[in-house]
Amino acid sequence: MTAENDVALTLPRSWHARRNPGHGIVVAARPRTVPASGVSPEIVLRCGPVDLDLVTWRGQALLDLRAQLVDFALEDADEFDLGDHRVAYCRFAHRFGAADVLCDQWAWQVDGLGVTLTCTVAREDYLTYCDLFEDVAATVDVLPRMVS
């Protein structure tokens, strides 16, 4: 038997979730209604193999985001323990069409598995959703799975 990992999290009950839509995405979720800003908040959990340590992996990811996203601005970054694992957190802004959006992003690297939770919302809706996003991040757990 070999050990692999499963990832668990709890999403808001009223949100619509798509599981395994592809491209390393485990789940993507949105509320059933769109706020007045016109930008639907979104929670996306991604997983994939990572052969770098947490700090190096996330540093490279931020460089990649800076190159890919219009008007990228890193607003906060930290590393701390969340549950049983070390997590890298960042909040960044960018433009999506005409919208100024904020992303809260948490990342875990556990036994070669990179797990990234990205929560995106229009800047004007951030205060409405930031606590919800933190609550979801607190439920993320990388669990061992035994495969024969």
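Just read off the accessible area of Asp78 with the full protein assembly in place, 1.4 Å probe, to the nearest 10 Å². Its heavy atoms expose roughly 90 Å² to the probe. Taking the charge dipole of segment 90-148 about its Cα centre, with +1 at Lys and Arg Cβ atoms and -1 at Asp and Glu Cβ atoms, the residue from Trp108, Val136, Val121 reaching farthest to the positive side is Trp108.
Backbone phi angles across segment 20-30, fed through the Karplus curve with coefficients 6.51, -1.76 and 1.60 (θ = phi - 60°), yield HN-Hα couplings of 6, x, x, 6, x, 7, 7, 7, 10, 9, 9 Hz in residue order; Gly and Pro are listed as x. Rolling a 1.4 Å probe across all protein chains gives Ser37 an accessible area of roughly 40 Å².
What percent do you get for the relative contact order of segment 40-118 when only Cα pairs under 8 Å and 6+ apart count?
Values: 135 pairs, mean separation 28.1, N = 79.
That works out to 36 percent.
The length gained by stretching the chain between Arg66 and Thr139 to full extension, at 0.36 nm per residue less their Cα-Cα distance, is 23.5 nm. Couplings for segment 60-73, taken from phi via the Karplus curve 6.51 cos²θ - 1.76 cosθ + 1.60 with θ = phi - 60°, read 5, 4, 5, 4, 5, 4, 4, 6, 9, 9, 6, 6, 4, 9 Hz in order; Gly and Pro are left as x.
Approximating the spin labels as points 7 Å out from Cα along Cα→Cβ, the Phe80-to-Leu52 distance works out to 2.4 nm.
Within the assembled protein chains, the solvent-accessible surface assigned to Phe72 is about 30 Å², based on a 1.4 Å probe.
The distance between label points at Glu42 and Asp100 comes to 2.1 nm (points 7 Å beyond Cα on the Cα→Cβ vector). For the chain, the solvent-accessible area with a 1.4 angstrom probe is 57 square angstrom per residue. Once neighbouring chains are kept in place and the probe is 1.4 Å, which whole percent of the accessible area of the chain is contributed by carbon and sulfur? The computed percentage sits at 51.
The values are calculated or read from the model by the stated rules, or taken from the named source; none is laboratory data. All values reported here derive from a predicted model rather than from experimental measurement. Neighbour counts run over all protein chains shown; Cβ positions are idealised from the backbone, glycine included. Ligands, DNA and RNA are excluded from the accessible area calculation, which covers all protein heavy atoms including side chains. Shrake-Rupley method; radii C 1.70, N 1.55, O 1.52, S 1.80 Å.
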